[in-house]
1. Looking at the stretch 183-211, which of its residues are surrounded by fewer than 22 Cβ atoms within 10 Å (Cβ to Cβ) and either touching a helix residue (DSSP H, G or I) at 6+ places or on another chain (Cβ under 7 Å) or closer than 18 Å to Asn116 by Cβ (or both)?
2. Quick check on my filter: what residues within the stretch 483-506 are hydrophobic (A, V, I, L, M, F, W, C) and within 16 Å of Ala441 (Cβ to Cβ)?
3. Pick out, from the stretch 90-152, the strands (runs of 3 or more DSSP E) lying fully within it that include 2 or more residues that are more than 21 Å from Phe223 (Cβ to Cβ), assigned by TED's automatic domain parsing to the domain that holds Glu182 and without any contact (Cβ under 8 Å) to a residue 60 or more places away in the chain.
4. Quick check: anything in the stretch 540-558 at pLDDT 75 or above, touching a helix residue (DSSP H, G or I) at 6+ places or on another chain (Cβ under 6 Å) and among the aromatic types (Phe, Trp, Tyr)?
5. Could you tell me which of the residues Val350, Val379 is out of contact with any Cys (no Cβ under 6 Å at 6 or more places or on another chain) and modelled with pLDDT of 75 or more?
6. Among all residue pairs at least 6 apart or on different chains, which show Cβ distances below 7 Å where the first residue, located in the stretch 331-360, is surrounded by fewer than 18 Cβ atoms within 10 Å (Cβ to Cβ) and the second is of a type in the set (A, V, I, L, M) and modelled with pLDDT of 80 or more?
7. What's the number of the only condition in (1) buried (at least 22 other Cβ atoms within 10 Å of the Cβ); (2) assigned by TED's automatic domain parsing to the domain that holds Arg135; (3) modelled with pLDDT under 90 that His268 fails to meet?
8. Would you check which residues across the stretch 594-629 are in contact (Cβ under 8 Å) with a residue 60 or more places away in the chain and among the β-branched types (Val, Ile, Thr) and list them?
Amino acid sequence: MSRDHVQPAPCDGAEAEYLGLLARDASVEAYEQPVLLARAEGRSAERIAALEQAKLLALRVRAELEGRRRREAELSALFETAHDLAGLRDVDAVLQAIVQRARSLLGTDVAYLTLNDPARGDTYMRVTEGSVSARFQQLRLGMGEGLGGLVAQTTRPYVTDDYFKDARFQHTLTIDSGVRDEGLVAILGVPLMLGPHVIGVLFAADRRARVFEREQIALLGSFAALAAAAIDAANLLTETREALSGLERANEIIRDRSAVIERASEVHDRLAELVLRGGGVHDVAGAVSEVLAGTVEFAEAEAVPAEPLESSRAEGHAVPHGDDWIAAVTGGGELLGALVLRGHPALDPVDQRTLERAAMVTSLLLLARRSAAEAERRVRGELLDDLLDARDRDPRLLRERATRLRADLDATHVVLAARLDGPAADADEEAAARRRLWSAASHLAATRHGLAAARDGGTVLLLPLGGDTATQAARRTARHLGTAVHQPVTVGASAPVTDLAAHPEAVAAAYAEGRRCLDALHLLGRAGDGAAAEDFGFLGLLLAGERDVTGFVDRTIGPVASYDERRGTELLRTMDAYFACGMSPARTKDALHVHVNTVAQRLERVGRLLGEDWQVPTRALEIQLALRLHRLAAPDRDRG
């Protein structure tokens, strides 16, 4: 028996080979081997195509897993550093750990930290990691010199792809000699802030040209915040030690300062433990509420008074506002919200510091949750893109991918096309509005166990229908998205679609139908509304992708047709004659050669089947069209 006869099906074998590579975390190059081997062995085109498809999917999964491992490593390092800070004993050890972790996670050749020396009026190298030059390690810089001077002056991160070709900052012979001796080319620097003051700069650098990504800049900024907190804590310890000497109230100061440190350490340990257990923002607020014996809430930036919020953001401290205290929650220079302590007009420095530390932990949690949410949104969008483009037709793979996202492709769904309405001031504002729409649609899809993707200048959603009609789903989605983005959103819905894993092409057809409904709403001046093809009556025939004549007839006169079929009556024929005779019962009885009472009884029966408003002009028009289509569909039967 030939070798091909005993092998499993091509698709199953391809999956098994690549699952094995994923399981042993093989290198990227190893994923080419099964395809190359199949070609060398002269395997069939179907086998090679299956291997190519499995390779692409496996590489995508591998990239996603690597991204998640990287994010987990980053968060773990941040949490470990925060825990080190909570149990701070040796500031040099904490700063060395911060620099080591920053270098490792950013994958740079060198990382280093400089601090300002107010006594000498310059800046000196405090910690280095990966440096090989003694001159570089002993550098002292004048205030405002070099890339670090630019960072300190602007209090913003700066990055240079090629240090010696960059004219944005002041070059000096001393600094350039040290940098050249170390062989550095690409340098990223972020400020160390204590309140509004820059106390130093944290750097990551490579000995080759490199572009630092936004996420890497934000990560180094988080490490800089932790380094500043460590220095701040060290300063507090130093102040305590100095206060102990030469004062008659030394014992009292020792007790007070020890209590401060012990309480701060206890709070930090509690917050670190909460974070490591997977707690959320509201768990942090609850824990700090217990410590401060008050009510602490996390609030979105829009819900907090602007003036104290901006003051807290600028100063880096909690600020009073009436009977409340507000601590801004920031991350990577972005304002994420605030922790608000209610009903505490007076707050001692220890409790104020506790609230500020809680705000820092909250920012780390929000950034972590955002990173995870963005990853999930991308995966949901990729699956919907595959369904729309019908690139992946394997029902089992589609179901597996959907199941990982808590979506059920076997349920009845509706495809919704959503688009922003209302004028935009400029291109930047329009792009920002589209991003808000995409974010809101992704959140709605995640909460409804559906999918969402950005497409054609708007968004497309695939949502389970549940007990709703397509019209109800469209209107509810338009209201929800409009509220989320603070401007009108118009939504067009398809007819319900089923069995999407086996028939992914139905998603593209349903999306086209939803877009036609969306265009019809715009033409009718119904911006900010939602509708499905069924809402347009016979106009829905023009909007429907498959021209569902049978469905239109069934929805319009189906109950009457079914009654005739079961009872052998002639209600449809009577309706035809009634409309042909100008809705006159007297002329209708002549046309049918029956008594006028018979006509009246038949029309009364029609009213009970279709509703009392069946003769209203708008419905009467649709009913007449349905009757004509019914006759055209079965001309021989009707003539009989």
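1. Hits for the stretch 183-211 are Val185, Met193, Leu194, Gly195, Pro196, His197, Val198, Ile199.
2. Ala484, Val485, Val489, Val491, Ala493
3. 140-142
4. no
5. Val350
6. Leu335/Ala328
7. In the conditions (1) buried (at least 22 other Cβ atoms within 10 Å of the Cβ); (2) assigned by TED's automatic domain parsing to the domain that holds Arg135; (3) modelled with pLDDT under 90, His268 misses (2) alone.
8. Thr618, Ile623
The values are calculated or read from the model by the stated rules, or taken from the named source; none is laboratory data. What you see is a predicted model, and the numbers here were worked out from it, not measured in a lab. Cβ: placed from backbone, ideal geometry, glycine included. Neighbour counts: every protein chain shown.
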